[in-house]
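S.K.: Just dropping this structure here.
Readers should treat all values here as calculations from the given coordinates under stated rules, not as data from a laboratory. The structure presented is a predicted model; accordingly, all values stated were derived computationally and were not measured. Heads up, the Cβs are rebuilt from the backbone with ideal geometry, glycines too, and the neighbour counts pull from every protein chain shown.
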Amino acid sequence: MSSFASPIAIHSIATAVPQYRADQAAVGAWVADSLDADAGLRRYLRRLYELSGIESRYSCLPDAQALERDSRFAPGRSRAASPTTAERMAIYERESVKLGTQAAQRALAETNRPAAAAQITHLIVVSCTGFFAPGLDLAIARNLGLQPTVQRSLIGFMGCAAAFNGLRLAAQIVAGQPTAQVLVVCVELCTLHLQPGTDRVNLTVASLFGDGAPHVWSARRRPAVRC
């Protein structure tokens, strides 16, 4: 008889999105109208949104669904009339906790195991679009009713690669502690950060990223394979 090292498994995956949804083409037209774009910029924006491959997007902001020209988040507003960083972070604190908790609850429910939350030993939370203290990781842990002994890690401000770093950390934890149950929650609220002005880098970023908790994993060891 011989045995091989147990593989690390993704036990469940779930997602969550905010309640507000907008058509991608409509968002592009809203951006152009807000900026009073000339023919050249309007043509650029239309093609940018058409070629993105995105049909619709979700946002934590009602403005994204109403698409009102006088929205404080509209890029045509002056910087003085746009939301401050503090205002954006207040929305982030409220909405990121709600969305991250919802996605995590769905992932735990997918395991079909009673008291799955109580079995989580490690929580990794990934988010690059906001910050508050004590932190998103603590808020989600409390909402899920995780054990007080759960070990929390917060990965932030690493851009699009942040989720992969969360997965890597989860794999390292399970490799070193075979009995560990690791929950990884990723939450991004990109639409909070639409900036005023016609800078094309900002406009391109705004055309691509919406809001959601797109990746939630519960990772653990599979039973050892024996032969």
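S.K.: Of everything in the stretch 34-62 that's in a helix (DSSP H, G or I) and in contact (Cβ under 8 Å) with a residue 40 or more places away in the chain, which residue is surrounded by the most Cβ atoms within 10 Å (Cβ to Cβ)?
M.R.: Here the residue is Leu45.
S.K.: Can you name every residue in the stretch 187-216 that is assigned to a loop (DSSP other than H, G, I, E, B) and either touching a strand residue (DSSP E or B) at 6+ places or on another chain (Cβ under 9 Å) or hydrophobic (A, V, I, L, M, F, W, C) (or both)?
M.R.: Of everything in the stretch 187-216, those that are assigned to a loop (DSSP other than H, G, I, E, B) and either touching a strand residue (DSSP E or B) at 6+ places or on another chain (Cβ under 9 Å) or hydrophobic (A, V, I, L, M, F, W, C) (or both) turn out to be Leu194, Phe209, Gly210.
S.K.: Just one of (1) under 29 Å from Val31 (Cα atoms); (2) under 13 Å from the mean Cα position of the chain (by Cα) trips up Val185, so point out which.
M.R.: The one condition Val185 does not meet is (1).
S.K.: Could you tell me which residue of the stretch 83-110 is farthest from Leu203 (Cα to Cα), considering only residues that are hydroxyl-bearing (Ser, Thr, Tyr) and crowded, with 19+ Cβ neighbours inside 10 Å?
M.R.: Ranking the candidates gives Thr101 first.
To keep it simple, each residue is scored yes or no on (1) over 25 Å from Leu61 (Cβ atoms); (2) not in a helix (DSSP H, G or I).
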site: Glu93; (1), (2): no, no
site: Gln105; (1), (2): no, no
site: Pro114; (1), (2): yes, yes
site: Asn143; (1), (2): no, no
site: Gln147; (1), (2): yes, yes
site: Ala163; (1), (2): no, no
site: Leu167; (1), (2): yes, no
site: Ile173; (1), (2): yes, no
site: Val185; (1), (2): no, yes
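S.K.: Then there is this: Hey, does the stretch 116-134 have a residue that's on the phi > 0 side of the Ramachandran plot, of a type outside the set (Ser, Thr, Tyr) and over 18 Å from the mean Cα position of the chain (by Cα)?
M.R.: no
S.K.: A follow-up question, please. Based on this model, can you work out whether Arg77 counts as free of Cβ contacts under 8 Å to residues at least 12 places away in the same chain, in a loop (DSSP other than H, G, I, E, B), in contact with a Pro (Cβ under 6 Å, 6 or more places away or on another chain) and within 21 Å of His193 (Cα to Cα)?
M.R.: no
S.K.: Output the number of the condition that Pro75 fails; it satisfies all remaining conditions of (1) surrounded by fewer than 20 Cβ atoms within 10 Å (Cβ to Cβ); (2) under 27 Å from Leu45 (Cα atoms); (3) of a type outside the set (A, V, I, L, M, F, W, C).
M.R.: So Pro75 meets the others, but not (1).
S.K.: Here are some residues: Arg72, Arg88. Which one is closer than 21 Å to Phe132 by Cβ and part of a loop (DSSP other than H, G, I, E, B)?
M.R.: Arg72
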